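The values are calculated or read from the model by the stated rules, or taken from the named source; none is laboratory data. Note that this is a predicted model, so its numbers are computed, not measured. Virtual Cβ from ideal backbone geometry, glycine too; neighbours counted across all protein chains shown. Side chains are part of the model used for accessible areas, which takes the heavy atoms of the whole protein and leaves out ligands, DNA and RNA. Shrake-Rupley method; radii C 1.70, N 1.55, O 1.52, S 1.80 Å.
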Amino acid sequence: MDNTLTLEQQFLELKEMEAQLKERRFALETKIASAYQYDTLSGKSKRFITESVSGEKLDIQFSASQVKKVDCDKLREIQIQNNIPQEVIDRLFRFKAEVNSTEFNALPQANKDILNGAITVQINKPTLKITPIKKD
């Protein structure tokens, strides 16, 4: 990397390199999965023990993960249609309370002060985004 570049230019250069490397890694992961005849859409984890050409043992693992989301309106409809008791729904599904920031921020300060006791704020690492402006 050229040290005569500004910090912002260095950042943009590294972001581009990162994107290219990520794309290459994903392509290679796909080739490896194909070589081991692993179906990436199977939803199943799988493990292979193999040996490299230099004789080194390799433990290759494909870890499947799923994210399940609940359509609360559809769940409520199913619950009503099938007479499913609320305690069953409460046992099968977890409902996460989230702050509606627009509505919360519109409250009078006295109301916010009362409700703030139930809210924990975690400050995350800030995200930096630099977008070059192309000259016309």
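Name the one entry in Glu13, Glu8 that is within 28 Å of the chain's Cα centre (by Cα) and in contact (Cβ under 8 Å) with a residue 40 or more places away in the chain. Give the derivation first.
Details: Glu13 fails: in contact (Cβ under 8 Å) with a residue 40 or more places away in the chain.
Just a single option satisfies the conditions, and that option is Glu8.
Taking only the stretch 96-120 into account, find how many residues are in contact (Cβ under 8 Å) with a residue 12 or more places away in the chain and under 22 Å from Lys68 (Cα atoms). Walk me through it before giving the result.
Initial filter on the stretch 96-120 (in contact (Cβ under 8 Å) with a residue 12 or more places away in the chain): 99, 119.
When the remaining residues are screened for being under 22 Å from Lys68 (Cα atoms), the result is 99.
Adding up the residues that qualify gives 1.
Of (1) closer than 30 Å to Thr120 by Cα; (2) of a type outside the set (Gly, Ala, Ser); (3) under 24 Å from the mean Cα position of the chain (by Cα), Asn105 satisfies all except one. Which?
That leaves (3) as the condition not met.
For the stretch 17-49, how many residues meet the condition of being open to solvent by 100 Å² or more (accessible area, probe 1.4 Å) and of a type in the set (Asp, Glu)?
2
Residues being in a strand (DSSP E or B) and either among the basic types (Lys, Arg) or in contact (Cβ under 8 Å) with a residue 12 or more places away in the chain (or both): count how many of those fall in the stretch 48-80. Full working, then the answer.
Keep residues of the stretch 48-80 that are in a strand (DSSP E or B), which gives 48-51, 57-62.
So of that shortlist, the ones also either among the basic types (Lys, Arg) or in contact (Cβ under 8 Å) with a residue 12 or more places away in the chain (or both) come out as 48, 57, 59-62.
Qualifying residue count, the stretch 48-80: 6.
Name the residue, out of Asn124, Asn83, Asn116, that is part of a loop (DSSP other than H, G, I, E, B) and over 30 Å from Leu14 (Cα atoms).
Details: Asn124 fails: over 30 Å from Leu14 (Cα atoms); Asn116 fails: part of a loop (DSSP other than H, G, I, E, B).
Result of the check over Asn124, Asn83, Asn116: Asn83.
If a residue must be farther than 24 Å from Ile119 by Cβ and open to solvent by 90 Å² or more (accessible area, probe 1.4 Å), how many such residues does the stretch 50-102 contain? I'd like the intermediate steps shown before the answer.
Applying the first criterion (farther than 24 Å from Ile119 by Cβ) to the stretch 50-102 yields 50-68, 71, 73-89, 91-92.
Remaining after also requiring open to solvent by 90 Å² or more (accessible area, probe 1.4 Å): 51, 53-54, 56-57, 61, 63, 65-68, 71, 73-74, 76, 80-83, 87, 91-92.
Of the residues in the stretch 50-102, 22 are farther than 24 Å from Ile119 by Cβ and open to solvent by 90 Å² or more (accessible area, probe 1.4 Å).
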